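Below: one structure, written as structure tokens.
Read the figures in this text as sums done on the coordinates, not as results from a lab. Not measured: the values here are computed from a predicted model.
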Amino acid sequence: MPARMKTIAVVEDNIDNMLLVRIILQDLYELNEYDNGQSALSGIASAPPDLVLMDISLPDIDGVTVMQELRANKNLPAFPIFALTAHAMEGDKEKFLQAGFDFYMAKPLVDTSELLRVIAAHLDKASS
Ligand code: MN
């Protein structure tokens, strides 16, 4: 029997960015897509994924707050949360990692193989 396909929640309000993530990941993972923070919070709470890709600039709640609320929800298992954001100023990577994200990648996503590699590494770590 094949292993269960792992689930990644993608929180992204930009349609083009969502399409790109879908193209990169859809053959490898089951994707649960959310285009705002509130739907991500409720959707992830009712269907916890194995990993979350989080945009920062969302139409309602910013991605840092969404991440922190997910982390504070003791009913949820611990899953890696990555920041995927166009906030790519000097020091932003450190700022987002400090805030509690497990990984940070700037958008536009140029190095998709790096993203795939880091996702796989975190999922392996989580299941071992
Ligand atoms: Mn956005």
message: Amide H of I61 versus every other amide H placed in the peptide plane: which residues, excluding those fewer than 5 positions away on the same chain, fall under 5 Å?
response: G37, Q38
- prompt: In the range 5-128, how many lysine pairs have Cα atoms under 21 Å apart, counting only pairs 8 or more places apart or on different chains?
  reply: 4
field: Normalised per residue, the volume of the convex hull around the Cα set of the chain (Å³)
entry: 109 Å³
